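Worksheet: the structure to be examined is printed underneath.
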Amino acid sequence: MVLELKNINLSYHDKLILSDINLKFSKGEIVGLVGQNGSGKTSIINIINGIQKPSSGIILYNDKNINRISIKNRSKFISVVPQKINFPLDYRVIDLVFMGRNPYIDFFHIGTNKDLEITYDVMKMTNIVELSEKLISDISGGELQRVSIAMALNQRAPVLLLDEPTSNLDLVHQILVLNLLKKLKTNHNICVLLSMHDLTLASKYCDRIVMLKNGVLFSEGSPEDILTHQNIENVFGIRVRITNDPLDNSLIVIPEVM
Amino acid sequence: MININKKIFIQSNKNYLYDKFKVYWIIFLCLLLLIISGISVCIGSVNIPVLDLINIIYDKILGNINPNSNFDVIIFKIRIPRVLLAGVVGFALGMSGSTYQGLFRNNLADPYLIGVASGAALGATIIIVSPIPLYFGVINLLPLGAFLGSILCVMLAYLISYQSDSLTLTTLLLAGIAISSVCGAITALLMLSSDPNIRPVLSWLFGSFTSARMEHVLLVLIYIIPSFLFILSFSKFINILQLGEDHAILLGVNVEYVKKGLIIAASLATAGAVSFCGLIGFVGLIAPHMVRLIWGTDYRYLIPLSSIVGAILLILADLVARTILGASELPVGLVTAFCGGPFFLFILRYQRKYRFK
Amino acid sequence: MTVLLISFLKTLLYFSLFMIFIPFFVSCNFEEHTDKEPNKYITDSLSLKTKVINEEPGFFQETISEVSGEESTVQEEIVNLYPFEIIDSSGESIEFKKPPDRIVAFDAAALETIFTLGKGEKIVGTHDFVSYPPEAENIIRVGGAFNMNIEAIIGLNPDLVFVFSDQNVGNLKNAGLKVLYIKSLNNDFSKISDEIIMWGMILNVENKAKEIVLDFEKRLNNIETTVKNLNINQTIFQDVGDLWSPGRNTLMDDVFALLNVSNIALDVDGYAQISREIIVDRNPDLIITLDRDTITKDPAFNEISAVQKNRVYILPSNALSIGGPRFINGIEELALLIYPENADLFLKNN
């Protein structure tokens with residue numbers, strides 16, 4: 001499985017949002033998108049999942065132009081956990097998670113037991129089985145995030161996009177989510193692309209990091225290569241200290257307090 | 001251990017796939033509808049004793065000629081078409097009310113939102129006020145005019161909000177409001193400048209089933225049955241649409257098709273219903289609310305339940321409209337507005353308690 | 001506790017603000033639909049005659065015998081009635097010192113009456129829905145029945161404006177015009193005679209007015225006697241649009257009573273929409289309608305006596321809609337429809 005972005009440009013009302021983005025993603029890797037707010041992270045995610053059409057350039061999924069793939073088929077290959085979740089309050093958790101099976105349910109059918117089994121597995125993975133009968137209005141933010149992830153996982157897509165999944169979570173839930181993503185990568189060979197703010201966690205969990213500055217691809221590569229003083233100062237405008245975590249050989253990024 | 005949990009999970013959630021209880025409720029409501037229709041046929045401004053009624057129906061089924069032909073006419077040519085038309089129109093209003101509420105993701109949406117009502121009113125007023133005769137051969141031009149007016153207005157709103165291959169719902173709403181306003185003004189102008197004809201126009205505007213006939217029922221059914229089947233088959237997508245258009249696309253729903261299809265189906269059904277009886281308000285708003293309070297927001301069940309509840313409500317309203325004054329009649333729309341308003345307020349107050357419990 | 005008190009006081013304040021506006025609504029209430037009879041007193045300061053117009057039918061036959069000795073048969077009165085006052089339907093006293101020259105007659109009945117009295121040329125303005133007599137075609141129209149163009153009326157410089165509803169009386173008076181408001185007749189067509197006499201007095205052709213009224217009453221009596229002699233009982237239903245029908249206390253109901261037909265809409269007051277069931281059940285012998293198709297093409301009405309015997313009629317003229325001198329024509333036209341076999345009896349008496 002290969003997902004390619006070729007020469008992607010995006011402008012909106014004469015404002016250049018993305019220029020000349022070229023990226024390649026393959027199975028079984030976690031890629032972190034980092035950059036300041038407004039550097040284009042969400043736009044890239046929206047372009048990949050088809051919500052946003054680029055001004056020029058193409059996206060190829062296994063060498064097929066993504067525009068030629070129907071909406072339904074696209075949702076079998078690419079699943080998304082959006083940044084803003086506005087779930088209607090009077091549905092139950094199980095109702096929402098089950099919606100993830102929609103791409104596999106034919107027009108005149110409602111779903112099969114198999115779909116229910118898959119839903120169960122997904123809910124077990126995200127630890128929300130006990131919540132299945134609860135109404136959306138009755139669960140917390142962290143649980144909501146997990147529901148959202150479960151819904152995306154239910155699509156069983158080889159590509160999983162997450163737009164700032166950890167921004168609104170407490171530390172415990174951040175780790176839970178990231179551990180889950182790691183498991184998905186290792187056990188199920190999923191290609192995970194997520195945008196993050198915490199550079200330390202990014203270095204711990206991501207195989208590759210893509211750094212964006214003002215809509216331009218500033219740098220991409222392994223965490224050790226990308227997370228350097230110069231790069232971080234260049235892209236974020238702050239000075240940092242970088243040390244090595246001896247336990248798992250990842251980087252710890254510490255901002256310098258003025 | 002895990003497997004047992006899974007089995008329990010699947011068993012208990014089979015409800016999601018196919019909620020037995022809700023289906024039972026649908027069947028129950030259908031029976032209730034039949035019973036209420038039956039009772040409605042028995043009551044009217046002319047007092048027909050129940051025994052006579054049963055005899056007359058019995059004779060009709062057997063094909064006997066009934067000596068009491070007046071009652072025969074009243075039951076078969078006036079009451080039965082009337083109850084049927086009220087039921088069918090109520091059905092259409094409940095259906096399109098709940099569909100619009102799902103589509104626009106707003107519980108205040110009603111079937112007349114995008115210009116259906118004002119267009120129909122304008123069409124009907126033009127026919128009544130102008131020298132065009134009411135009948136062209138066998139065709140009754142009044143419902144035809146109303147229908148054309150209605151569809152033209154919706155099409156106009158649709159075209160305005162159809163930009164670069166996608167239908168923007170907020171634009172549709174606003175265009176509908178603007179068009180309604182203009183149509184309303186023209187209708188009022190026509191009414192002002194032709195005083196002697198005001199009464200029939202006002203009567204039509206408030207909606208009434210006075211001149212209901214079997215042909216009307218059949219014509220309305222022609223619009224409603226395909227619309228209903230269409231909307232029902234899309235109802236699971238309406239559920240997913242509640243997450244937002246973008247999210248629905250991400251889950252594999254072709255949102256453009258769904259939006260366009262639902263708007264056309266619901267508007268056609270409403271236009272068809274409204275053309276024959278005028279504007280009857282509140283039913284399309286109240287029926288979905290009642291259903292939502294009791295059975296929740298799963299649109300696969302909300303839509304059929306709202307339709308049946310709408311039919312029941314309108315049959316009851318029509319019963320009141322034609323019996324409360326004795327020999328003369330009230331327009332049905334007056335009854336629905338008069339009772340619907342306070343009822344709606346009651347629901348709103350109760351709803352608040354429900355929400356935050 | 002204080003919070004509750006404050007919110008209570010606030011609500012009280014809002015409510016009382018709202019209640020300030022209530023008197024305005026009450027005072028603006030149109031009195032269109034009350035059934036009060038207008039009291040009209042015509043007093044004469046020369047004490048020649050004091051007439052009190054009340055509901056007794058045939059009243060004028062007595063007065064005419066009382067004064068006929070003095071009158072000659074010229075158009076203009078020798079005896080000068082002026083000045084006199086008319087108390088109109090709003091209770092105002094309108095003084096007449098001489099015949100008006102420029103009349104805006106915002107009422108079809110008044111217009112027809114004035115024309116029949118031979119003073120049609122004095123009318124300078126009327127409303128849109130006047131269609132008779134043909135001579136009235138060139139008179140300027142100054143509005144629909146319910147929306148008057150006040151500026152246009154002022155522009156015509158009338159010395160008398162006659163209206164049938166009090167909707168714009170205040171506005172017209174504020175503009176300095178002389179307004180006579182006589183509420184339109186809802187029932188009891190014997191008052192038509194009174195109004196004809198009133199115009200006769202205003203225009204100084206009381207003689208001619210009395211002639212017309214005499215003729216009116218003579219024809220009325222003829223019809224009454226003929227109908228009584230025929231002694232045929234029939235039932236009638238009149239559809240004035242969308243199955244709205246005149247019930248008790250309407251002009252039409254009085255006409256039906258005069259013509260000895262029973263109105264099937266007897267249990268409604270005023271105009272109301274009659275249910276089709278009632279129509280089928282009461283099986284009228286004849287039906288008057290504006291559009292025959294609504295009755296004949298309705299499948300529920302197929303077996304009604306009127307439809308079966310092809311007695312669904314459209315009135316030949318709108319004489320019965322206008323409470324003026326032609327009203328008696330309308331009654332006669334209707335009589336011919338009701339008693340087609342005895343047409344000669346009605347025609348003979350003319």
- Item | Scan of segment A:108-126 for residues that are facing chain B (nearest Cβ under 7 Å), at pLDDT 85 or above and surrounded by fewer than 18 Cβ atoms within 10 Å (Cβ to Cβ), ordered by number | A:Glu117
- Note on the structure: C:Asp291: passes all of (1) surrounded by fewer than 19 Cβ atoms within 10 Å (Cβ to Cβ); (2) more than 30 Å from C:Ala110 (Cα to Cα); (3) within 10 Å of another protein chain (Cβ to nearest Cβ); (4) not aliphatic (A, V, I, L, M) but (2)
- Message: Restricting to segment B:81-112, count the residues that are more than 22 Å from B:Ala317 (Cα to Cα) and not in a helix (DSSP H, G or I).
- Response: 4
- Query: With (1) exposed (fewer than 13 other Cβ atoms within 10 Å of the Cβ); (2) part of a helix (DSSP H, G or I); (3) modelled with pLDDT under 85 as the list, and B:Ile74 as the residue in question, which single condition is left unmet?
  - Reply: (1)
- Say whether the condition of being touching a residue at least 40 places away in the same chain (Cβ under 8 Å) and in a loop (DSSP other than H, G, I, E, B) is met by at least one residue in segment C:124-133. yes
- Item | Flag for C:Gly270 being in contact with a His (Cβ under 9 Å, 6 or more places away or on another chain) and within 14 Å of chain B (Cβ to nearest Cβ) | yes
- Query: Quick one: A:Asp163 ticks every box in (1) crowded, with 19+ Cβ neighbours inside 10 Å; (2) of a type in the set (Asp, Glu); (3) at pLDDT below 90 bar one, so which box is it?
  - Reply: (3)
- Message: Quick check on segment B:150-158. Is at least one of its residues within 14 Å of chain A (Cβ to nearest Cβ), part of a helix (DSSP H, G or I) and not aromatic (Phe, Trp, Tyr)?
- Response: no
- Message: Tell me whether segment C:248-265 contains one or more residues that are within 11 Å of chain B (Cβ to nearest Cβ) and either touching a Leu at 6+ places or on another chain (Cβ under 7 Å) or of a type in the set (A, V, I, L, M, F, W, C) (or both).
- Response: yes
- Members of segment C:298-350 found to be farther than 28 Å from C:Leu185 by Cα, of a type in the set (D, E, K, R) and either touching a Pro at 6+ places or on another chain (Cβ under 7 Å) or crowded, with 16+ Cβ neighbours inside 10 Å (or both), listed by number: C:Asp298, C:Arg311
- Note on the structure: Across segment C:302-314, the tally of residues that are within 17 Å of C:Gly241 (Cα to Cα) and either within 14 Å of chain B (Cβ to nearest Cβ) or touching a Lys or Arg at 6+ places or on another chain (Cβ under 7 Å) (or both) stands at 2
- Those residues of segment B:206-256 that are more than 9 Å from chain A (Cβ to nearest Cβ), touching a residue at least 24 places away in the same chain (Cβ under 8 Å) and either of a type in the set (Gly, Ala, Ser) or part of a loop (DSSP other than H, G, I, E, B) (or both) come to a total of 8
- Query: Can you tell me which of C:Asn231, C:Asn204, C:Asn263 is outside the structural domain of C:Pro100 (by TED's automatic domain parsing) and on the phi > 0 side of the Ramachandran plot?
  - Reply: C:Asn231
- Task: Show the residue pairs that are 6+ apart or on different chains and have beta-carbon atoms under 9 Å apart, the first residue being within segment A:4-27 and on the phi > 0 side of the Ramachandran plot and surrounded by fewer than 20 Cβ atoms within 10 Å (Cβ to Cβ), the second being among the polar types (S, T, N, Q) and assigned to a strand (DSSP E or B).
- Result: A:Asn7/A:Asn22; A:Asn7/A:Ser56; A:Asp20/A:Asn7; A:Asp20/A:Asn9
- Task: Within segment B:296-322, track down each residue that is charged (D, E, K, R) and either free of Cβ contacts under 8 Å to residues at least 40 places away in the same chain or away from chain C (no Cβ under 14 Å) (or both).
- Result: B:Asp298, B:Arg300
- With respect to B:Ile36, is the statement that it is in contact with a helix residue (DSSP H, G or I) (Cβ under 8 Å, 6 or more places away or on another chain), touching a residue at least 24 places away in the same chain (Cβ under 8 Å) and closer than 27 Å to C:Val268 by Cβ true? no
- Query: Where in segment A:143-258 are there helices (runs of 4 or more DSSP H), lying wholly inside it, with at least 2 residues that are of a type in the set (Val, Ile, Thr)?
  - Reply: A:171-188, A:229-236
- B:Leu325 fails exactly one of the following numbered conditions: (1) free of Cβ contacts under 8 Å to residues at least 24 places away in the same chain; (2) away from chain C (no Cβ under 14 Å). What is the number of that condition? (2)
- If B:Ser203 satisfies every condition in (1) surrounded by fewer than 18 Cβ atoms within 10 Å (Cβ to Cβ); (2) away from chain A (no Cβ under 14 Å); (3) of a type in the set (S, T, N, Q) but one, which is the exception? (1)
- Task: Quick one: which strands (runs of 3 or more DSSP E) lie wholly within segment C:257-346 and hold at least 3 residues that are touching a residue at least 40 places away in the same chain (Cβ under 8 Å)?
- Result: C:286-288
- Qualifying positions in segment C:142-166 - under 20 Å from the mean Cα position of the chain (by Cα), surrounded by fewer than 17 Cβ atoms within 10 Å (Cβ to Cβ) and either aromatic (Phe, Trp, Tyr) or more than 21 Å from C:Phe96 (Cβ to Cβ) (or both): C:Gly144, C:Phe146, C:Asn147
- Note on the structure: Picking from B:Ala337, B:Ala265, B:Ala271, the residue that is away from every other protein chain (no Cβ under 14 Å) and crowded, with 24+ Cβ neighbours inside 10 Å would be B:Ala271
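The values are calculated or read from the model by the stated rules, or taken from the named source; none is laboratory data. This structure is a prediction, so every number in the text was calculated from the model and none was measured. When we count neighbours, we look across all protein chains shown, and the Cβ atoms used for this are built from the backbone with ideal geometry, even at glycine.
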